[in-house]
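In what follows, a structure is listed as structure tokens, so that the remarks can point back to it.
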Amino acid sequence: VAIGLAPSARDRGDAARDASDLVARRDRTFAEVQEHYYDAPPRIERGWREHLVGTDGRVYLDMVNNVTPLGHGHPALAAAVAKQLRTLNTNSRFNYGAVVEFSESLAAMAPDPLDTVFLVNSGSEATDLAIRVALAATGRRDVVSVLEAYHGWTYASDAVSTSTADNPNALASRPDWVHAVEAPNPFRGRHRGEEAARYAPEAAERIRELAASGRPPAAFIAETFYGNAGGIPLPDGYLAEVYAAVREAGGLAIADEVQAGYGRLGRWFWGFEQQGVVPDVIAVAKAAGNGYPVGAVITTREIAARFRTQGYFFSSTGGSPASSIAGLTVLDAFRDEGLQRNAAETGAHLKSRLEALAERHPLIGAVHGLGLYLGVEFVRDRATLEPATEETAAICDRLLELGVIMQPTGDHQNVLKVKPPLVVTRESADFFVAMLDRVLAEGW
């Protein structure tokens, strides 16, 4: 079935009933707070590269799935994990090669002096553990985070998450050990354009104030490229100045690379490279397993050793033979399949096409991002930047009808989060732009 082509009316009706029945079953047993995309989602049971296939045979272009950089249904990954599951799958207390090889390979991807790896199962676990490592290493309890950020759902990772899109009560429910600095958003924040250079010294001053008040922070944690806010680069020099301030106060710099890491920016494998810095602790997941539950914390041997004050660390499936093989196979694919190069080249092409759309459609206030980490922000007025929240939701629904999977992001839910698998082709990127152009021209 051609991408975007709808099935026959009879098939469409049967499939819609089947999908609706499945949602009803889901709602009866799967906690409602675990939401699903769309009010009436199609039933998806197959995927291939940057495409998803409905049970009615309709093919959709997946432009939102940053969990699978290798694409859906990657043959080598499926074969490697299946083989390992048939051979051995246990926990990392046993002595087997895969966990060592994956740890060595992952540490080799990090800059000096980061050489030591903890293995977990998700981004939430990775950021939670990164925070706990910093608390143990410094003997402190306070952490500085950034507004409009999302870091996970565990106690510590949720505590430093301030995105009201993910949790409407995020700002009111922060524990007293979390101190949030202003979101360094150069598009709609308090400081815009060239004035965005003021965010870094203000954040650094806040860290110095905490230290002077007797509450020096254990860590500063931030996404290295603003993710849930809409794929927005941090102002130049932001992390360098803030990292220097937290280190001067005796704290650690934590880089949340769960979304930005693993080549998504194109030119850089890690998001912090775009800022010209090296953190003390890296949290990584999502892309690390291409959908298989793999997460990691990378730090120095010295910092990792201080975690001993908390007892030993163990994860039943973090670093298991199967998850380690999944992680190794993903790194092999990055080495062999040109994924990072494609992120740079196809991402640049896609961004230029989206910027051309902005010249014709005033609803597009800005096109953010680098590589295949992009955001299309919709506004009702380019002067006031009034968020076009309802329009964005309707645009996503109409794109689904046209065969494109897309979702909103940002605290105002007015940004298209354009984060497709890194195998996305130029032809697929052009199809997405054509369908978005059609929606903006015809209405939604």
Quiz item: So which of VAL258, VAL246 ends up being assigned to a helix (DSSP H, G or I) and buried (at least 21 other Cβ atoms within 10 Å of the Cβ)?
Solution: VAL246
Quiz item: Within the stretch 264-285, can you find the residues that are over 12 Å from the mean Cα position of the chain (by Cα) and either outside the structural domain of ILE303 (by TED's automatic domain parsing) or assigned to a loop (DSSP other than H, G, I, E, B) (or both)?
Solution: GLY266, ARG267, TRP268, PHE269, TRP270, GLN275, GLY276, VAL277, VAL278, PRO279, ASP280
Quiz item: Among the residues of the stretch 356-383, how many are in a helix (DSSP H, G or I) and basic (Lys, Arg)?
Solution: 1
Quiz item: Here is a list of conditions, (1) surrounded by fewer than 22 Cβ atoms within 10 Å (Cβ to Cβ); (2) not in a loop (DSSP other than H, G, I, E, B), and ILE298 meets all of them except one; can you say which number that is?
Solution: (1)
Quiz item: Is there a residue being of a type in the set (A, V, I, L, M) and farther than 19 Å from THR116 by Cβ anywhere in the stretch 280-288?
Solution: yes
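Okay, residues lined up against (1) outside any helix (DSSP H, G or I); (2) modelled with pLDDT of 95 or more; (3) in the same structural domain as THR90 (by TED's automatic domain parsing):
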{"residue": "ALA305", "(1), (2), (3)": "no, yes, yes"}
{"residue": "SER315", "(1), (2), (3)": "yes, no, yes"}
{"residue": "ALA322", "(1), (2), (3)": "no, yes, yes"}
{"residue": "ASN342", "(1), (2), (3)": "no, yes, no"}
Quiz prompt | Per-region count, the stretch 357-385, residues free of Cβ contacts under 8 Å to residues at least 60 places away in the same chain and touching a strand residue (DSSP E or B) at 6+ places or on another chain (Cβ under 6 Å) | solution = 4
Quiz item: Quick check: anything in the stretch 419-441 free of Cβ contacts under 8 Å to residues at least 60 places away in the same chain and part of a loop (DSSP other than H, G, I, E, B)?
Solution: no
Quiz item: Limited to the stretch 229-243, what total is found for residues that are buried (at least 24 other Cβ atoms within 10 Å of the Cβ) and assigned to a loop (DSSP other than H, G, I, E, B)?
Solution: 4
Self-check item: Residue in the stretch 39-47 that is in contact with a His (Cβ under 8 Å, 6 or more places away or on another chain) and surrounded by 17 or more Cβ atoms within 10 Å (Cβ to Cβ) present
Solution: yes
Exercise. Could you check, for the stretch 206-216, whether at least one of its residues is part of a loop (DSSP other than H, G, I, E, B) and closer than 27 Å to ASN65 by Cα?
Key: no
Exercise. Being touching a helix residue (DSSP H, G or I) at 6+ places or on another chain (Cβ under 6 Å) and not basic (Lys, Arg) narrows it down to one of VAL33, VAL100, VAL120, VAL59, so name that one.
Key: VAL120
Quiz item: Is it the case that the stretch 165-174 has a residue that's of a type outside the set (Asp, Glu) and part of a helix (DSSP H, G or I)?
Solution: no
Quiz item: If you go through the stretch 84-100 one residue at a time, do you hit one that is closer than 29 Å to HIS36 by Cα and at pLDDT 95 or above?
Solution: no
Quiz prompt | Pairs with Cβ under 6 Å, 6+ apart, first in the stretch 14-27 and touching a residue at least 40 places away in the same chain (Cβ under 8 Å), second surrounded by 13 or more Cβ atoms within 10 Å (Cβ to Cβ) | solution = ALA15/THR55; ALA15/ASP56
Exercise. Show the residue pairs that are 6+ apart or on different chains and have beta-carbon atoms under 8 Å apart, the first residue being within the stretch 102-113 and buried (at least 22 other Cβ atoms within 10 Å of the Cβ), the second being aromatic (Phe, Trp, Tyr) and in a loop (DSSP other than H, G, I, E, B).
Key: ALA110/TRP270
Self-check item: Residue tally, condition part of a strand (DSSP E or B) and not hydrophobic (A, V, I, L, M, F, W, C), over the stretch 401-418
Solution: 3
Exercise. Could you tell me which of the residues ALA180, ALA170 is within 25 Å of LEU210 (Cα to Cα), under 21 Å from the mean Cα position of the chain (by Cα) and free of Cβ contacts under 8 Å to residues at least 24 places away in the same chain?
Key: ALA170
Quiz item: What pairs can you find where one residue is in the stretch 397-408 and without any contact (Cβ under 8 Å) to a residue 24 or more places away in the chain, the other is among the aromatic types (Phe, Trp, Tyr), and their Cβ atoms are less than 9 Å apart, with a gap of 6+ or different chains?
Solution: PRO408/PHE378
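The values are calculated or read from the model by the stated rules, or taken from the named source; none is laboratory data. The structure displayed is predicted, hence computed values, not measured ones. No Cβ is skipped: glycine too gets one built from the backbone with ideal geometry, and neighbour counts run over all protein chains shown.
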